[in-house]
Amino acid sequence: LRAVLRKASALEYKIQRRALRKEDFINYIQYEIHLLELIKKRRARIGYSFKKDEIEGSILHRVHSLFNRATGKWKEDVQLWLSHVAFCKEWNAKHQLSKVFSSLLAIHSNKPALWIMAAKWEMETRLSSESARHLFLRALRFHPECPKLYQEYFRMELMHAEKQRKEKKAFEQAKMDLGEFSYSEEILNGEMARIVYRDAAQKIKGVEFHLAVLSIAKLFGFTQDLQKEILESLQTKYADDPLTWDYMARRELELGSLQSTEHTTKQMKVSEMTQREERCCAVFDEALRAVPTEDMWKYYITFCLERYNRKTNSGELKQKRLERTLSVFSRAHESSLLPEALYKQWLQLLLESSLSEKAAEVSEAATKRFSQSVEMWQMRLQVLIQLKSNGVTQCFEEAVKHMKSKGTLPIWTLWVEWSEGTNSKEDTDALYQRSLHATTPAESVTMKEKYLDWTYRNGGYKKVKRVFTSLCENRPFSLDFFRKMIQIEKQQESCKMLHLREYYERALREFGSTDSDLWLDYIKEELSHPQGKPENCGSIHWRAMKMLQGDLVEDFVSKYTLLQTGHL
């Protein structure tokens, strides 16, 4: 108890200062909450409930008081408010939580999510649909065009109707006399939700909202008429929207078979699923006649791919899905309405199905249509490389010609990687040198690193040193470029400190003002290398202090101190 008192007093003193800090309030609140949890566990363990209201009640009162002071001081901190809400819910402080929500919404009325949270609590915890409705109506005055608010208000009215239907059913089963009280048939049938939907439909445009409301209505078994109205409104107002057609097509999958589900064989199930999918495709075909757009083809292809990727034990159904998907891809391509992103999926499907020649044709057609797309050229080249075609080099030349220099790094990277495994060392070396001039300066940095690495693997130390010297004549460079050369030097049996100094000095000329670790590595090298000169460390340190900028100086000093004490 003395320890608790001492700790609480220390925390209390901190929140009585003139200059208040949010962290002090949070620490105090956390301590009191942990204390409450500890008391709760001990009471449960020993079965002791003496003075429960007095002890826990005083702590709860103190926590609420702390939260009120903190939220009063830092009103804009929503997370602080939400912490208070969570505490009230955990300790079932309903009266206090009503006050918290009232204050919170008065300050943060511009956040629809908070209104929804408050209304949901009123509906689900306090079982007060009137209070929830009142909150939603207040929220809609602040946010008259917020789709999420209308959706949740719509859901609340349906939940209220369902609750009343259950109550009425329970009274009828118990044969209780309700006297003058009676349930309104309009409310029981979801008429309030219908009013909410109609009001929202006038203010909020777009298919997405109608579909969201429709999905909510489907969760309740008494909303068939309401669903029908939403669907008719959707088809009337948004008949030209691809998303409407996508929904109408997918809806065919949900429609059950008229046949009995008993004694159905595997073949009958496959046949039924095939019929459903064909009905979906018929709707999509009708949609394409009405709305022949790229988005419509995208929805159709996405549906076909989803069905194809579904697991099935029927080889016949799988084959039909494959044929249907490939057919839709071809039709979209012939219409010149196949989106660029879907060409890749088409090629993957063709290669998986061992249709290599068709894949080559499609990739060529894709690059003709999207001649400025690096991804399309990359895709075509990967297909040709996979097929071990003779026209790979020609295709690379064509790609570089179309793309000029900007953004061609993926093409050149793929080209040199292919050349390393296919062409002679001389051809690959010439290709690397060509890539350095063909790419933009920023992209040539990556090619320099790859060139250095390839030269060392295939030409040895002397060759890579000559290449490094020649590459150093043309900026820009990357730090990894120099570190790679330093690493190569250190791998040699006769590693010379003279060469390491040259590489570090070159790197420091480029990155000495922005990288403190480079200076530290240089100092470490002088200290650890057999040919190093520890007396040079002072001058290196002095140069680093002059060149480094901003906070890097402090970072360097702290690390250098650790190095001197042997902790780095």
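The values are calculated or read from the model by the stated rules, or taken from the named source; none is laboratory data. Computed from a predicted structure; not experimentally measured. So basically every Cβ, Gly included, is an ideal-geometry build from the backbone, and we count neighbours across all protein chains shown. Side chains included, ligands, DNA and RNA excluded: accessible areas come from the protein's heavy atoms. Shrake-Rupley method; radii C 1.70, N 1.55, O 1.52, S 1.80 Å.
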- Just one of the numbered conditions (1) surrounded by fewer than 17 Cβ atoms within 10 Å (Cβ to Cβ); (2) under 20 Å from residue 438 (Cβ atoms); (3) polar (S, T, N, Q) is not true of residue 327; which one? (2)
- Note on the structure: Within the stretch 490-513, of all residues that are over 27 Å from residue 552 (Cα atoms) and of a type in the set (S, T, N, Q), the one most open to solvent (accessible area, probe 1.4 Å) is 491
- Listed by first then second residue, the pairs whose first member lies in the stretch 35-64 and is open to solvent by less than 50 Å² (accessible area, probe 1.4 Å), whose partner is among the hydrophobic types (A, V, I, L, M, F, W, C) and modelled with pLDDT under 90, with beta carbons under 7 Å and at least 6 positions apart or on separate chains, are 35/4; 39/55
- Query: Where residues in the stretch 272-316 are of a type in the set (S, T, N, Q) and open to solvent by less than 90 Å² (accessible area, probe 1.4 Å), which of them is farthest from residue 251 (Cα to Cα)?
  - Reply: 314
- Matching residues in the stretch 336-354 (touching a residue at least 24 places away in the same chain (Cβ under 8 Å) and either at negative phi or of a type in the set (A, V, I, L, M, F, W, C) (or both)) number 13
- Query: Any residue at all in the stretch 145-157 that is part of a loop (DSSP other than H, G, I, E, B) and in contact with a Lys or Arg (Cβ under 8 Å, 6 or more places away or on another chain)?
  - Reply: yes
- Boolean, residue 69 is touching a residue at least 12 places away in the same chain (Cβ under 8 Å) and part of a loop (DSSP other than H, G, I, E, B): no
- Query: Somewhere in the stretch 530-548, is a residue touching a residue at least 40 places away in the same chain (Cβ under 8 Å) and among the aromatic types (Phe, Trp, Tyr)?
  - Reply: no
- Task: Kindly list the number of the only condition in (1) open to solvent by 50 Å² or more (accessible area, probe 1.4 Å); (2) assigned to a loop (DSSP other than H, G, I, E, B) that fails for residue 487.
- Result: (2)
- Would you call residue 506 in a helix (DSSP H, G or I) and over 37 Å from the mean Cα position of the chain (by Cα)? yes
- Here the qualifying pairs (Cβ atoms under 6 Å; residues six or more apart or on different chains; first in the stretch 473-492 and within 15 Å of residue 451 (Cβ to Cβ) and free of Cβ contacts under 8 Å to residues at least 40 places away in the same chain; second part of a helix (DSSP H, G or I) and open to solvent by 20 Å² or more (accessible area, probe 1.4 Å)) come out as 476/441; 476/445; 477/510; 478/445; 480/449; 481/449; 488/456
- If we keep just the residues of the stretch 116-144 that are in a helix (DSSP H, G or I) and among the hydroxyl-bearing types (Ser, Thr, Tyr), which is surrounded by the fewest Cβ atoms within 10 Å (Cβ to Cβ)? 131
- Query: Among the candidates 283, 270, which residue alone is assigned to a helix (DSSP H, G or I), hydrophobic (A, V, I, L, M, F, W, C) and at pLDDT below 90?
  - Reply: 270
- May I ask you to verify whether residue 75 is in a helix (DSSP H, G or I) and either open to solvent by 80 Å² or more (accessible area, probe 1.4 Å) or within 30 Å of residue 193 (Cβ to Cβ) (or both)? no
- Query: Of everything in the stretch 529-546 that's touching a helix residue (DSSP H, G or I) at 6+ places or on another chain (Cβ under 6 Å) and assigned to a helix (DSSP H, G or I), which residue is surrounded by the most Cβ atoms within 10 Å (Cβ to Cβ)?
  - Reply: 544
- Condition met for residue 98 (at pLDDT below 95, part of a helix (DSSP H, G or I), open to solvent by less than 90 Å² (accessible area, probe 1.4 Å) and farther than 23 Å from residue 152 by Cα): no
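Report yes if some residue within the stretch 20-33 is outside any helix (DSSP H, G or I), modelled with pLDDT of 90 or more and surrounded by fewer than 14 Cβ atoms within 10 Å (Cβ to Cβ); otherwise report no. Please lay out each step first, then the result.
So in the stretch 20-33, the residues outside any helix (DSSP H, G or I) come out as 20-21.
Of the ones still in play, those that are also modelled with pLDDT of 90 or more are 20-21.
Now drop any that are not surrounded by fewer than 14 Cβ atoms within 10 Å (Cβ to Cβ), which leaves 21.
So far as the stretch 20-33 goes, yes, one or more of its residues are outside any helix (DSSP H, G or I), modelled with pLDDT of 90 or more and surrounded by fewer than 14 Cβ atoms within 10 Å (Cβ to Cβ).
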- Residues being modelled with pLDDT of 85 or more and open to solvent by less than 100 Å² (accessible area, probe 1.4 Å): count how many of those fall in the stretch 162-184. 7
- Query: When you look at residue 195, is it hydrophobic (A, V, I, L, M, F, W, C) and either open to solvent by 90 Å² or more (accessible area, probe 1.4 Å) or at positive phi (or both), yes or no?
  - Reply: yes
